[in-house]
Amino acid sequence: MKPVTTPDEPVALDTAFFVAWITKAAQAIEEHLTRLGELDAAIGDGDHGTNLDRGFAGVLRVLDTTSPRTPATVLALTGTTLISKVGGASGPLYGTAFRRAGNALGDAERIDLPGLAAALEAALAAIRKLGAARDGDKTMVDAFVPAVAALNKAAADAVPLVAALDATVAAAEAGAQATIAMQAVKGRASYLGPRSVGHEDPGAASTVLILTALRDTAREASESGASGEPGVNGD
Amino acid sequence: MTREPAALVGATVPDTVASPTTTPVFPAPAAASEPITMPESASTLPPLRPLVGIVLVSHSALLAEGAAELARQLGGGEVPVESAGGLPDGGIGTSIELIEQAVRAADRGAGVVVLADLGSAVLTVRLLLDDADTLPDTVVLADAPFVEGAVSAAVAASSGANAEAVRTAAEEARGFRKL
């Protein structure tokens, strides 16, 4: 459909790409602030949207005033800022997820698909360890697990980036939808017991938004073919 | 009658027989000017060991500080008890900066036991303990009820217990029955 300049990887997963992803994720959180708040109000304390939005707004300020040199640095700054700015449970959870994902990327200036899959795998492991949530507990883990599985499979099958991330997002969406039927055993929603059934978990919903932002960033970069230019991140 | 305490004698016997001024309840030392000598061992005692500090983390600044006030009082006033409640702007939530500050303030060199109320307070403390290399060596999180655990920890800390024993005391508070 479009000319592919290199046989394996048309989109460069470089620092600019990761800045673009996080920027798009911040925009998505802001756009869906009301929906996330409503999902959270049904079973939680209603602050998931505003908390995450405050966190990502802080992330954008940090990325705007620093010039991260590697993808890992972008994710580390994102995680650290979310931890200090969010103020709810999603802060430490997403914060540690981004930081561990950044650690997994190492010093590489360009990441390949298996590297990206390994980073998301590390993020999931960090969320599981910190939150001690199991599959089916009606948390962000329930969106993350199928997403990571789909991305790992796509990477193993050498599926092109955008198609791999399409599969990742579809799996995350299905996982988030599956939380509707689940009963919460973590967080405020767990106090509702059976009454938590029938609502999508807001953490699973925000995980879908963040992964969708990743896919959309890849798609736009793939369509424009313009990713990888140094200095895209606003300096 | 002879074994009756002096105070009662003074109160029931007419002044003309025995007055409080002539039979003091607590007689002064015979020679007050005599220098008081301490036993030999007192000067060779080791310096007082620092007490374990306690940090109370809540979504609410009022709740954290209220529990801290109670724990300080029941801990006898010597135990460093710090609160880390809410967000820096006063809102409800958890702030990793406030928790870190409180841990530093509560640390006297004997370690710090942290109690957290719910959800993100617990997660944030766990994250801080997992990640921070800069915190004092002995900082532990107790899996304890917030108020009862704080009081139990403060009492244990006031006795000079180490951080692990203070954490155990806090966690054992879960078993206290009220009725």
Practice prompt. Please go through segment B:140-173 and pick out each residue that is more than 16 Å from the chain's Cα centre (by Cα), of a type in the set (A, V, I, L, M, F, W, C) and under 21 Å from B:Leu63 (Cβ atoms).
Written response: B:Leu141, B:Ala142, B:Ala144
Discussion item. Name the single residue that is farthest from the other protein chains (Cβ to nearest Cβ) among those in segment A:91-107 being small (Gly, Ala, Ser) and surrounded by 24 or more Cβ atoms within 10 Å (Cβ to Cβ).
Written reply: A:Ala101
Practice prompt. Take segment B:154-179 and flag every residue that is of a type outside the set (D, E, K, R) and closer than 22 Å to B:Thr94 by Cα.
Written response: B:Ala170
Practice prompt. Determine which member of the set A:Leu105, A:Leu93, A:Leu75 is modelled with pLDDT of 95 or more and in contact with a Pro (Cβ under 6 Å, 6 or more places away or on another chain).
Written response: A:Leu105
Fill in: Residues of segment A:60-75 classified as surrounded by 24 or more Cβ atoms within 10 Å (Cβ to Cβ) and either within 14 Å of another protein chain (Cβ to nearest Cβ) or aliphatic (A, V, I, L, M) (or both), total
2
Worksheet item: Can you name the residue in segment A:143-195 that is more than 20 Å from A:Asp112 (Cα to Cα) and hydroxyl-bearing (Ser, Thr, Tyr) and, of all such residues, is surrounded by the fewest Cβ atoms within 10 Å (Cβ to Cβ)?
Response: A:Tyr191
Worksheet, complete the sentence: For segment B:150-168, pairs from a residue that is farther than 10 Å from B:Leu74 by Cα to a residue that is polar (S, T, N, Q), with Cβ under 7 Å and 6 or more apart or across chains, are B:Ala163/B:Thr138
Item to complete: Could you tell me whether any residue of segment A:219-235 is of a type outside the set (D, E, K, R) and modelled with pLDDT of 95 or more?
Response: no
Discussion item. Yes or no: segment A:29-43 includes at least one residue that is in a helix (DSSP H, G or I), modelled with pLDDT of 95 or more and within 14 Å of another protein chain (Cβ to nearest Cβ).
Written reply: no
Worksheet, complete the sentence: The correct count of residues that are within 17 Å of A:Ala41 (Cα to Cα), assigned to a helix (DSSP H, G or I) and either away from chain B (no Cβ under 14 Å) or of a type in the set (D, E, K, R) (or both) in segment A:197-212 is 3
Item to complete: Look through B:Ala150, B:Ala121 and report the one residue that is crowded, with 16+ Cβ neighbours inside 10 Å, more than 14 Å from chain A (Cβ to nearest Cβ) and touching a strand residue (DSSP E or B) at 6+ places or on another chain (Cβ under 9 Å).
Response: B:Ala150
Response to the item:
Across (1) within 11 Å of chain B (Cβ to nearest Cβ); (2) crowded, with 20+ Cβ neighbours inside 10 Å, A:Lys129 clears everything bar (2)
Practice prompt. Return the total of residues in segment A:76-90 being more than 7 Å from every other protein chain (Cβ to nearest Cβ) and either of a type in the set (A, V, I, L, M, F, W, C) or in contact (Cβ under 8 Å) with a residue 40 or more places away in the chain (or both).
Written response: 6
Discussion item. Here's a check for you: in segment B:83-104, which residue that is of a type in the set (S, T, N, Q) and crowded, with 16+ Cβ neighbours inside 10 Å is farthest from the other protein chains (Cβ to nearest Cβ)?
Written reply: B:Ser83
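The values are calculated or read from the model by the stated rules, or taken from the named source; none is laboratory data. Note that this is a predicted model, so its numbers are computed, not measured. Here Cβ is always computed from backbone atoms with ideal geometry, including for glycine, and neighbour counts include all displayed protein chains.
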